[in-house]
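Only one structure is covered here, and it is reproduced in the block below.
The values are calculated or read from the model by the stated rules, or taken from the named source; none is laboratory data. Every value quoted in this text rests on a predicted model; they were computed, and no experiment measured them. Here the Cβ is made from the backbone with ideal geometry for all residues, glycine too, and neighbour counts use every protein chain on show.
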Amino acid sequence: MIPRVTATIDLAALQHNLGVVRRLAPRSRVMAAVKANGYGHGAIPAARALEAAGVDALAVACLEEAVELRRAHIHCPIALLEGVISEEEAAQAVYQRLQVVVHDHWQIELLQRLGRDAQVGIWFKIDSGMHRLGFPLTDVPRLLDVLRAQPGWTLHGWITHLASADEPDNGFTREQVARFDAALSGVSGPRSIGNSAGIIGWPEARADWVRPGLMIYGASPMPGQTGADLGLKPAMRLESRLIAVRDFEAGETIGYAQSWTCPERTRIGVAAVGYADGIHRTFRSGTAAMVGGRRVAYAGRVSMDMITLDLRQAPDAQVGDPVLLWGEELPAEEIAAQAGTIPYELFCGLTQRVHFRYR
């Protein structure tokens, strides 16, 4: 069987990118995010590659993601970024030796039901301005009281999340860091602030721990920059192949709703990939792809299983030729911008129909 759509994942690129993080934040320990199936790259292969490269910890969103990694014999520390949502999950987190990010008092109550001597590793999440999850800044003294009352609990640190770190001219990031530092003045325990954008753009966010996500996979969260601009290596290469090539006269229309018209005699290629694979309908006419090393453009709407391409820049293209959707020569950041979205959504949006291979 020949796969119609293949995502090739370069695991050495993840290890290289971890090295870039360490160079940017040499005094920080690194908790790499492998949530959302490793940002669409495959959580288990990504975790294995990062563990082999000496990552200090991994981060997932929920218990199910952590259990998947433990069952795959991933042994390094794993943090649950959303914490636990039931007493059963709390007990399972302890059994699986997970670090629980606690962001609300009802989660404290769940963990307290395990008993005063239960061995629970926790992070306290503080809301410094993101206003999504986290305790108010003024709750820090109360949280210290909770710790004193739970002798079995181990505090791994204090964590916050940045709202606008990908906006270099927005001073709110600096304000968030200052609020976080002020709330924890005189309080012991490691701090974790910087996500990928914080690591890249804000030295003050490179605290005791950093939490890279997108940059581990070789893409940049910063507007106008690609991962390559930052010394990162893209880990994913997404390809399909041409299954039809035909010539049409000027004025002929292509695809659903006749949304693209041939401006002259035009060679049109059909690639076997569509929104059922994760190429959303927001990929408009003009979005770039590559055939035979040459840039071509989408022509007409994305279908469930196919896209149509204007091959005037690749006139020698033939059935069977590979079509690059994104990869090293065609950065995901560029394609995401053309599609009105972000690289995170491209990576995480790939479906089970895509064939993954790892090298």
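Details
- Considering the stretch 273-314, the residues that are assigned to a loop (DSSP other than H, G, I, E, B) and of a type in the set (D, E, K, R) include one that is nearest to residue 250 (Cα to Cα), namely 312.
- Residues of the stretch 241-251 classified as in a strand (DSSP E or B) and touching a Lys or Arg at 6+ places or on another chain (Cβ under 6 Å), total: 1
- Filter result for residue 174 (touching a His at 6+ places or on another chain (Cβ under 8 Å), in contact (Cβ under 8 Å) with a residue 24 or more places away in the chain, over 22 Å from residue 120 (Cα atoms) and loosely packed, with under 14 Cβ neighbours inside 10 Å): no
- Considered as a group, the residues in the stretch 66-84 that are out of contact with any helix residue (DSSP H, G or I) (no Cβ under 8 Å at 6 or more places or on another chain) and surrounded by fewer than 22 Cβ atoms within 10 Å (Cβ to Cβ) include one that is farthest from residue 31 (Cα to Cα), and that residue is 71.
- Test: residue in the stretch 252-272 that is hydrophobic (A, V, I, L, M, F, W, C) and part of a helix (DSSP H, G or I): yes
- With respect to (1) surrounded by fewer than 19 Cβ atoms within 10 Å (Cβ to Cβ); (2) in a loop (DSSP other than H, G, I, E, B), the lone exception for residue 179 is condition (2).
- Qualifying residue in the stretch 71-91 (condition: modelled with pLDDT of 95 or more and closer than 30 Å to residue 305 by Cβ): no
- Scanning the stretch 121-133 for residues that are crowded, with 22+ Cβ neighbours inside 10 Å and in contact with a strand residue (DSSP E or B) (Cβ under 8 Å, 6 or more places away or on another chain), we see that the one that is nearest to residue 170 (Cα to Cα) is 126.
- Positions within the stretch 243-297 being of a type in the set (Phe, Trp, Tyr) and farther than 25 Å from residue 347 by Cβ, in sequence order: 248, 256, 260
- Residues in the stretch 40-60 that are within 12 Å of the chain's Cα centre (by Cα), assigned to a helix (DSSP H, G or I) and surrounded by 24 or more Cβ atoms within 10 Å (Cβ to Cβ): 1 in all.
- The condition (being over 30 Å from residue 352 (Cβ atoms) and buried (at least 19 other Cβ atoms within 10 Å of the Cβ)) is satisfied by just one residue among 200, 279, 254: 200.
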